[in-house]
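Peer 1: My structure is below; once you've seen it, I'll send some questions.
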Amino acid sequence: MTEQLFSLPVVNQITTYVSQRLIDELPVLVVAHPKVRAAIALQGAHLLSWQPEGEEPVLWMSSASAFKEGVAIRGGIPICWPWFGPAGKPSHGFARNMAWELTDHQENDEGVVLTLTLKSSPETLALWPHEFTLTARFTLGATCHIELESTGDFEANSALHTYFNIGDIASVSVKGLGNSFIDKVDGAKAKQTEGDLTFTGQTDRIYTQPQSTSEIVDPVLKRTLVVEHENNSDVVAWNPGSELSVSMADMPDNGYKTMVCVETAQVSEKHVSTHAAPSRLAVTFSVRK
């Protein structure tokens, strides 16, 4: 899937390292830089790929995902905003299904910075009665930094719903999640746990007292993915397991084996935005061998 993104025909060469291409119905910004390869769909400001030089792809993309206007993309990093899950319709908010605009780009020897913007419109106001400006800034190089900034006068929930590419779900563990979580597989019960998270079936947990850094330890790909969260209240850990994976039209039957979601999230509490003080949610990824 990742290789397909980089072999798409160029529609518009924006800069030396950034081009616009088309995957089915969706325009995609493709970064081909000596230090990093990456791709962002304009729909949803959706990071589809981030691959530092010499590394395996860090993000997981479903080979069964549709790339159609208005249809959520499965994999990469969907931006969930201004609500999470089924708190409104569409699920996980409207930001991930709408066309954003590239409003700034910079590049240097270390990588590329792309800024995308979504503003309120009659379409969004029909779904959510608030004027807003939402900005997603991607700093793409040997590390990946994403900042989501929302300006306006409102409260909102948000998440950077990151799908990580792993060797085998049966062998990975996740450190730094804390001990308190809401178990969405078991009726949203509040629970306590100790030690690192491992996966033995469908897992859907909102960790409400996480550490500032999560680590995904992957012995198969022989690397640790380091996830540094900023301005979040929670970290969500999700893997659909085999039964749910089979039931999902945009997920291969065995797709659950090579992905895990560890999501920087503001779910149990809301972010408060004002015109004077925007709210921010941010994350930084790095790879440790």
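The values are calculated or read from the model by the stated rules, or taken from the named source; none is laboratory data. Fair warning: this is a prediction, and the values are worked out from it, not measured in the lab. Please note: Cβ atoms are built from the backbone with ideal geometry, for glycine as well, and neighbour counts cover all protein chains shown. Protein only, heavy atoms only, side chains kept; ligands, DNA and RNA dropped before computing areas. Shrake-Rupley method; radii C 1.70, N 1.55, O 1.52, S 1.80 Å.
Peer 1: Out of the residues in segment 162-198 that are in contact with a helix residue (DSSP H, G or I) (Cβ under 8 Å, 6 or more places away or on another chain) and assigned to a loop (DSSP other than H, G, I, E, B), state the one that is farthest from ARG288 (Cα to Cα).
Peer 2: Step by step, filter segment 162-198, then rank; the result is ALA170.
Peer 1: Assess whether ALA45 counts as being crowded, with 18+ Cβ neighbours inside 10 Å and either over 25 Å from THR258 (Cα atoms) or touching a residue at least 60 places away in the same chain (Cβ under 8 Å) (or both). Outline the logic, then answer.
Peer 2: Working: crowded, with 18+ Cβ neighbours inside 10 Å: yes; either over 25 Å from THR258 (Cα atoms) or touching a residue at least 60 places away in the same chain (Cβ under 8 Å) (or both): yes.
So ALA45 passes the test.
Peer 1: Quick test for you: out of GLY141, GLY176, pick the one residue that is open to solvent by less than 70 Å² (accessible area, probe 1.4 Å) and either without any contact (Cβ under 8 Å) to a residue 40 or more places away in the chain or under 25 Å from TRP238 (Cβ atoms) (or both). Can you show your working first?
Peer 2: Details: GLY141 fails: either without any contact (Cβ under 8 Å) to a residue 40 or more places away in the chain or under 25 Å from TRP238 (Cβ atoms) (or both).
None of the other options fit; the residue is GLY176.
Peer 1: So for segment 88-97 (the condition being open to solvent by 20 Å² or more (accessible area, probe 1.4 Å) and among the hydrophobic types (A, V, I, L, M, F, W, C)), does at least one residue qualify?
Peer 2: Taking every residue of segment 88-97 in turn, none turns out to be open to solvent by 20 Å² or more (accessible area, probe 1.4 Å) and among the hydrophobic types (A, V, I, L, M, F, W, C).
Peer 1: Out of segment 53-62, which residues are open to solvent by 10 Å² or more (accessible area, probe 1.4 Å) and in a strand (DSSP E or B)? Reasoning before the result, please.
Peer 2: Kept after step one, since they are open to solvent by 10 Å² or more (accessible area, probe 1.4 Å), are these residues of segment 53-62: 53-57, 60-61.
If the condition is that a residue be open to solvent by 10 Å² or more (accessible area, probe 1.4 Å) and in a strand (DSSP E or B), then MET61 is the only one that fits.
Peer 1: Can you tell me which of GLU228, GLU155 is closer than 30 Å to GLU55 by Cβ and either open to solvent by 40 Å² or more (accessible area, probe 1.4 Å) or at pLDDT below 95 (or both)? Full working, then the answer.
Peer 2: Numbers: GLU155 fails: closer than 30 Å to GLU55 by Cβ.
Matching residue, one of GLU228, GLU155: GLU228.
Peer 1: One residue is enough: does segment 188-195 have a residue meeting the conditions crowded, with 19+ Cβ neighbours inside 10 Å and either farther than 19 Å from THR162 by Cα or not charged (D, E, K, R) (or both)? Lay out the reasoning, then the answer.
Peer 2: Narrowing segment 188-195 to residues crowded, with 19+ Cβ neighbours inside 10 Å: none.
No: zero hits.
Peer 1: Looking only at segment 239-267, how many residues end up being under 18 Å from the mean Cα position of the chain (by Cα) and either open to solvent by 30 Å² or more (accessible area, probe 1.4 Å) or in contact (Cβ under 8 Å) with a residue 40 or more places away in the chain (or both)?
Peer 2: If we filter segment 239-267 for residues that are under 18 Å from the mean Cα position of the chain (by Cα), which is where we start, we get 239-240, 250-251, 255-256, 258-267.
When the remaining residues are screened for being either open to solvent by 30 Å² or more (accessible area, probe 1.4 Å) or in contact (Cβ under 8 Å) with a residue 40 or more places away in the chain (or both), the result is 239, 250-251, 255-256, 258-267.
Counting residues in segment 239-267 that are under 18 Å from the mean Cα position of the chain (by Cα) and either open to solvent by 30 Å² or more (accessible area, probe 1.4 Å) or in contact (Cβ under 8 Å) with a residue 40 or more places away in the chain (or both) gives 15.
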